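Engineer: Once you've had a glance at the structure underneath, I'll fire off some questions.
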Amino acid sequence: MRNRRRVITLVTALVLGLVAAPSAVAQARFTVLVFSKVNGYYHDSIPAGQQAITELGAEEGFEVVVSDDATLFTDAGLSRFDAVVFNNTNGRDGAILDANQRAAFERYIRAGGGYAGIHAASGTEYDWAWYGRLMGAFFDKHPAIQPLKVQVDDRAHPSTRELPQTWERTEEPYDFRSNPRGGVHVLASYDTRSYTGHTMGADHPISWCQNFEGGRSWYTGLGHAAADYGDPAFRSHILGGIEWAAGAVPGDCGATEDDRYVKTLLDGDTDDPLAMEIDNSGRVFYIQRGGQLNVYDPKKGYSHEAGRFDAFVLHTHGMHGLVLDPHFEDNGYLYVYYSPRTKGVNRLSRVRFDEFTNTVRDEKVLLEFFSQREINAHEGGGMAFDREGNLYLSTGDNVDPCCEGFAPIDERAGRRNQDAQGTSANTNDLRGKILRIHPEDDGTYTIPEGNLFPPGTDRTRPEIWVMGLRNPYRLHIDPETGWVYWGEVGPDAQNDNALRGPMGYDEFNVAKEAGNFGWPLCIGHNRAYVEYDFTTGQSGQPYDCAGGPANNSPNNTGLTKLPPAQPAWLPYPYRVSDEWPELGTGGRLAIGGPTYHYDQELESETKFPEYYDDTTIIADWTRNAMFEVKQDDGDGGTAGNAVSLNRFLPRGGFLRPIDMEFGPDGSLYVIEWGTNYGGSGRGDPNWDSGIHRIDYIRPGERAPIAKASVSPSSGKAPLTVRFTDKSTDPDGHALTHEWDFDGNGTVDSTAANPTHTFTENGTHLARLIVTDPTGRREPVNVKVTVGNTAPKVTFQSPRDGEVFDWGVPIPYRLRVTDADGGVDCEEPLVKGGVGHARQVHVVSQVRGCAGELVPSIVDGHTAADDLTYVLDASHTDTGRPKLTDRATVTLQPRRKEAEHYDRSNGIRVVRNDAGGGLVSGVSSGDWLSVTPVNLRNVGSLTFRVASSANGGTIEVRFGAPDGPLLGSVAVPVTGGGQTWTEVTAPVVDPGSTHELFLVAKNPGATGDLFNVDWFEFGSRSGAAERAPSGLTSTEARRGTSPGSPRAGGKTASSGAA
């Protein structure tokens, strides 16, 4: 880009394009206007773009009008064009269209017109918000021109289908003020690993399209240099974009837009749902940890229990896996993998589903193997069939996740459960493996050819197909290639250790044939652990991963020399992955997912689009995220290698996705575990778990979003309640309502907000189905308990969002009431845990309406991590049925790293030279926020800041970027982006819990203002550790570790605190 202005009065563009060959005009497929007006930077490539589009018009039979005359932007002037191309337009120094011209262009688009923007078109009309939405994102800045790689995400759209999967170019790589992904359909992205100087983060879209307000919008950030317009690949890129924008060729521009997908709750009455299968009729078979096998029937719109297995539920034991037989429609067979209560094994069984009774029967045990139950361990549980009818079963290593987060290779006597060399690395043991067998009709199984060890091999098990696994979670087989995909949950070490080995990684893996994946001797890309003597503390040599590590453990009953270890497909640590930064940071729990194959012949209006053809979907349970992985489609040795990775529905949100399957309708089915880490199996039930279906839809075809509430939700019979419909329709349709109060399938009311009186004691599940005019239906269940009134638990102190200090006791006080009787104040249970990556690690607990807990950091973390402290109080009454209420407060650490914000606008996170990250790229008006925050006893905020130029002000605001001002402080120029100083802003307490906004201001500055490393909440004098009002020393109770004897309490009458 050249920093000069130029008045464009090229005679070639005077009426260039207003003149066309008569024969060409007569036969024109469509007509486009090429508009290249600038008011600022002038790109030398503008004439090349004009010429290229004119030549493409002549070659492809469309009319091209080249003009920079803004007076064409009237209703009449634009009416002749099917699309308008903004060819490197630029408005740095002011608008290129006046208000009337802008209004005409808006009407043109809304009437079905097309827009195509090239390169600097995103640097145009910054003050025109509508244009920004049409464009998708405004240009921000760019580093130096340099060679780089473009990841072509969409191989089906006309503008990208002719491009190579990885497109190597020399470009001026634009950064944008916001990431458009989720709001537009991304066609191509920069591979941010291939160049330097970018500021948007790992995910960097560079070309996209959208259907916008009745029209079409297409953009490419490529095309800086004049030479680009002679490149056949680039010409095919802009040709396809212009043709699509003009409506001349079809193309799907919704595949990565979040609002083109509807997530429908199929069954919300779930309890620790784990795994599912969908049969050809669309029924969802799913297991729950406690032993239940349920079936959701889409024709009936609800689930029923088809069977209950006598499962042992403790730690990670319980139900583990489920798969339908390939011939399920004919034989009714399905297979389950679980921990039976009466025997210390894990069991693979076959049962038959009876279509008449809708239950399972005739359990036949195929396989059992020992599983220790003394300590918490890994059990795996993925199951799948291949095209030959072979059954694959993944099993966990069944050992303690010990050893400071490094390899569990403790060979000391009595430490067998801390040595995975006796399980995963043991060729004579079925734990820590993927097994491959062929079930036979008589309930036995045979060994197919191609397993890791042929039958009869000494000190091996022939069932083993893959060995060297820790906790393989969710196993899927690509039906076209036969490749096996799974997630591998890894250990917790935060950093490499020369004496022990590498940091922990989770892995997404793919196996094309039998092999050894290394655990516990190798991890990631064959990074070797170090032999370590737990008795002496002495380290030996790293294991030979590539050559085949040796297993010399006394707990090993198999071969000593193991097969060579295979590197992981997609390994990633807690921190940002250098290889796959798109995965982000935080907790880790890799969930393997299915590979989608687009079927053009499938008659389904909800099937995923062609964009996802041959795409593998993966998830991370703790990061509440799902991702799409595009793979090398070559025929050579690189086939199947991951080429690009992008967030799936980044604005949609998922709640601990734990299993995913594509159904026969081409929709994606997802099990969400729910908010709480442990679930019912660990005494922490989730009321927000569920089975969901994600449909791809077109505007006007979206299903309603069903929501409802009830008040009261519990009480004595007769109980009159009022139901309230809170449903919405994304297309603005009016909805009809069908309420079934008693669960018998009969519609009891069609009112939106009916009342009903329940006369029988028990738990009632009322069901609402809302329907839009297109016939799309969405159900939601509402629970009502009759015969007992739920207690009510609230925290009087601390308040949600207050500040705490690690190691300093936190006094608490509860108010517990029960309308049906008194409350024993020895009973309420309060757990204290460290919040990290949307999960809570409970570290202490205490009983009583008042007491204290001491916050401590869990192993593997430091105070510099993104941590909070969470107090969770619950009380279960003695009524029938028993009811529980709970209350939770989240407390903020006194010092918080700036990159640990909850929301942001405009900023970016970069590496700190001292380690960790920092907030950078801060312009005037940019902000970050943290929630919840309560400034009780906080008198100031101190910031560690640095500024190489400009400086500015940090404003502390309540509730919104422009909310009430609580305080501010000036940030000086320090002479460098990491030349640090500290500044302090006195703040006032608004008196309530809120979202706290830190807003950067310096309206007159251009470029970055300053960097922020951390901020710290300052105490008001004498108030930092003040106990809650009314709490005496004799009432305070220290928190105990889980399972310790409870602290004392006192008895209070109903309503007492």
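Engineer: Based on what the data block shows, is Tyr572 of a type in the set (Ser, Thr, Tyr) and crowded, with 21+ Cβ neighbours inside 10 Å?
Structural biologist: Taking the combined requirement at face value, the residue satisfies it.
Engineer: Checking the condition modelled with pLDDT of 95 or more and within 30 Å of Ile810 (Cα to Cα), which residue from Glu1025, Glu955 passes?
Structural biologist: Glu955
Engineer: Across the stretch 615-640, which residue is surrounded by the most Cβ atoms within 10 Å (Cβ to Cβ) among those that are part of a loop (DSSP other than H, G, I, E, B) and either touching a residue at least 40 places away in the same chain (Cβ under 8 Å) or hydrophobic (A, V, I, L, M, F, W, C) (or both)?
Structural biologist: Trp621
Engineer: What are the residue pairs meeting all of these: first residue in the stretch 370-384, first residue closer than 15 Å to Leu469 by Cβ, second residue at pLDDT below 90, Cβ atoms under 6 Å, and 6 or more apart or on different chains?
Structural biologist: Once the first residue is closer than 15 Å to Leu469 by Cβ and sits in the stretch 370-384, its partners that are at pLDDT below 90 give Glu379/Thr316.
Engineer: Now, a different point. Considering only the stretch 662-679, state which residues are of a type in the set (D, E, K, R) and more than 18 Å from the chain's Cα centre (by Cα).
Structural biologist: Asp665
Engineer: Separate question: When only residues in the stretch 456-475 that are touching an Asp or Glu at 6+ places or on another chain (Cβ under 8 Å) and not in a loop (DSSP other than H, G, I, E, B) count, which is surrounded by the most Cβ atoms within 10 Å (Cβ to Cβ)?
Structural biologist: Here the answer is Pro472.
Engineer: Is the stretch 270-286 home to any residue that is more than 14 Å from Val360 (Cα to Cα), aromatic (Phe, Trp, Tyr) and not assigned by TED's automatic domain parsing to the domain that holds Gly743?
Structural biologist: Among the residues of the stretch 270-286, not one is more than 14 Å from Val360 (Cα to Cα), aromatic (Phe, Trp, Tyr) and not assigned by TED's automatic domain parsing to the domain that holds Gly743, which makes the answer no.
Engineer: Moving to a separate point now. Consider only pairs whose beta carbons are under 8 Å apart and that are at least six residues apart or on different chains; among these, list those whose first residue lies in the stretch 705-716 and is at negative phi and whose second residue is buried (at least 16 other Cβ atoms within 10 Å of the Cβ) and among the aromatic types (Phe, Trp, Tyr).
Structural biologist: Within 8 Å, the pairs are Ala708/Phe723; Ser709/Phe723; Val710/Phe723.
Engineer: Have a look at Ala120, Ala137, Ala70, Ala111 and point out the one that is in contact (Cβ under 8 Å) with a residue 12 or more places away in the chain and in contact with a Pro (Cβ under 6 Å, 6 or more places away or on another chain).
Structural biologist: Of Ala120, Ala137, Ala70, Ala111, the one residue that is in contact (Cβ under 8 Å) with a residue 12 or more places away in the chain and in contact with a Pro (Cβ under 6 Å, 6 or more places away or on another chain) is Ala137.
Engineer: Continuing with the same structure: Failed condition for Ser940, given (1) closer than 28 Å to Pro809 by Cα; (2) in a loop (DSSP other than H, G, I, E, B), with all others met?
Structural biologist: Against the list (1) closer than 28 Å to Pro809 by Cα; (2) in a loop (DSSP other than H, G, I, E, B), Ser940 comes up short only on (2).
Engineer: Write out, first by first residue and then by second, each pair whose Cβ atoms fall under 6 Å of each other, whose residues are 6+ apart or on separate chains, and whose first residue, in the stretch 739-760, is part of a loop (DSSP other than H, G, I, E, B) while the second is buried (at least 17 other Cβ atoms within 10 Å of the Cβ) and not acidic (Asp, Glu).
Structural biologist: Phe741/His756; Phe741/Ala766; Asp748/Trp739; Asp748/Phe741; Thr750/His737; Ala752/His737; Pro754/Phe723; Pro754/Trp739
Engineer: Can I ask one more? Within the stretch 551-591, count every residue that is modelled with pLDDT of 95 or more and β-branched (Val, Ile, Thr).
Structural biologist: The number of residues fulfilling the criteria is 3.
Engineer: Would you check which residues across the stretch 149-179 are in a loop (DSSP other than H, G, I, E, B) and of a type in the set (S, T, N, Q) and list them?
Structural biologist: The answer is Ser159, Thr160, Gln165, Ser178, Asn179.
Engineer: Out of Ser968, Ser992, which single residue is outside any strand (DSSP E or B) and either free of Cβ contacts under 8 Å to residues at least 40 places away in the same chain or touching a Phe, Trp or Tyr at 6+ places or on another chain (Cβ under 9 Å) (or both)?
Structural biologist: Answer to the check: Ser992.
Engineer: Here are some residues: Glu899, Glu826. Which one is crowded, with 22+ Cβ neighbours inside 10 Å and assigned to a loop (DSSP other than H, G, I, E, B)?
Structural biologist: After ruling out the rest, the residue left standing is Glu899.
Engineer: For the stretch 404-415, what are the residues that are modelled with pLDDT of 95 or more and not in a loop (DSSP other than H, G, I, E, B)?
Structural biologist: Ile409 - this is the single residue of the stretch 404-415 that is modelled with pLDDT of 95 or more and not in a loop (DSSP other than H, G, I, E, B).
Engineer: So, one more: Could you say whether any residue in the stretch 774-789 is within 30 Å of Glu404 (Cβ to Cβ) and either surrounded by fewer than 18 Cβ atoms within 10 Å (Cβ to Cβ) or not charged (D, E, K, R) (or both)?
Structural biologist: no
Engineer: Quick one: would you say Ala255 is assigned to a helix (DSSP H, G or I), over 16 Å from Asp82 (Cα atoms), touching a Pro at 6+ places or on another chain (Cβ under 9 Å) and not charged (D, E, K, R)?
Structural biologist: Against the criterion (assigned to a helix (DSSP H, G or I), over 16 Å from Asp82 (Cα atoms), touching a Pro at 6+ places or on another chain (Cβ under 9 Å) and not charged (D, E, K, R)), Ala255 does not qualify.
Engineer: Could you count how many residues in the stretch 365-396 are in a loop (DSSP other than H, G, I, E, B), surrounded by 18 or more Cβ atoms within 10 Å (Cβ to Cβ) and not hydroxyl-bearing (Ser, Thr, Tyr)?
Structural biologist: The total comes to 6.
Engineer: Still on this structure, I have one more. What tally of residues in the stretch 231-252 results from selecting those that are assigned to a helix (DSSP H, G or I) and surrounded by 20 or more Cβ atoms within 10 Å (Cβ to Cβ)?
Structural biologist: Going through the stretch 231-252 one residue at a time, the tally reaches 10.
Engineer: Could you grab me the full set of residues in the stretch 246-285 that are more than 22 Å from Ile697 (Cβ to Cβ) and in contact with a Lys or Arg (Cβ under 7 Å, 6 or more places away or on another chain)?
Structural biologist: Ala248, Asp272, Leu274
Engineer: Based on this model, can you work out whether His315 counts as touching a residue at least 60 places away in the same chain (Cβ under 8 Å) and at positive phi?
Structural biologist: Criteria met by His315.
Engineer: Would you confirm whether any residue within the stretch 928-940 is over 19 Å from Val983 (Cα atoms), in contact with an Asp or Glu (Cβ under 6 Å, 6 or more places away or on another chain), of a type in the set (S, T, N, Q) and at pLDDT 95 or above?
Structural biologist: Within the stretch 928-940, one or more residues are over 19 Å from Val983 (Cα atoms), in contact with an Asp or Glu (Cβ under 6 Å, 6 or more places away or on another chain), of a type in the set (S, T, N, Q) and at pLDDT 95 or above.
Engineer: Only residues that are at pLDDT 90 or above and among the polar types (S, T, N, Q): list them for the stretch 739-762, please.
Structural biologist: If the condition is that a residue be at pLDDT 90 or above and among the polar types (S, T, N, Q), then Thr746, Ser749, Thr750, Asn753, Thr755, Thr757, Thr759, Asn761 are the ones that fit.
Engineer: Okay, next question. Under 6 Å between Cβ atoms, at least 6 apart or on separate chains: pull out the pairs that start in the stretch 219-240 with a residue that is farther than 17 Å from Thr166 by Cα and end on any residue that is surrounded by fewer than 18 Cβ atoms within 10 Å (Cβ to Cβ).
Structural biologist: Within 6 Å, the pairs are Ala226/Asp44.
Engineer: How many of the residues making up the stretch 463-483 are of a type in the set (Lys, Arg) and on the phi < 0 side of the Ramachandran plot?
Structural biologist: 1
Engineer: Could you say which residue among Thr724, Thr675 is surrounded by fewer than 22 Cβ atoms within 10 Å (Cβ to Cβ), hydroxyl-bearing (Ser, Thr, Tyr) and closer than 14 Å to Pro273 by Cβ?
Structural biologist: Thr675
Engineer: How many residues does the stretch 426-455 hold that are farther than 17 Å from Phe369 by Cβ, touching a Lys or Arg at 6+ places or on another chain (Cβ under 9 Å) and either basic (Lys, Arg) or part of a strand (DSSP E or B) (or both)?
Structural biologist: Residues that pass the stated criteria total 0.
Table: residues versus (1) outside the structural domain of Gly113 (by TED's automatic domain parsing); (2) in contact with a Lys or Arg (Cβ under 8 Å, 6 or more places away or on another chain); (3) not hydrophobic (A, V, I, L, M, F, W, C).
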{"site": "Gly197", "(1), (2), (3)": "no, no, yes"}
{"site": "Asp203", "(1), (2), (3)": "no, yes, yes"}
{"site": "Ser207", "(1), (2), (3)": "no, no, yes"}
{"site": "Gly215", "(1), (2), (3)": "no, yes, yes"}
{"site": "Leu222", "(1), (2), (3)": "no, yes, no"}
{"site": "Asp231", "(1), (2), (3)": "no, no, yes"}
{"site": "His237", "(1), (2), (3)": "no, no, yes"}
{"site": "Gly241", "(1), (2), (3)": "no, no, yes"}
{"site": "Trp244", "(1), (2), (3)": "no, yes, no"}
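The values are calculated or read from the model by the stated rules, or taken from the named source; none is laboratory data. For clarity, every value in this text was computed on a predicted model and none was experimentally measured. All Cβ positions, even for glycine, are placed from backbone atoms using ideal geometry, and neighbour counts span all protein chains on display.
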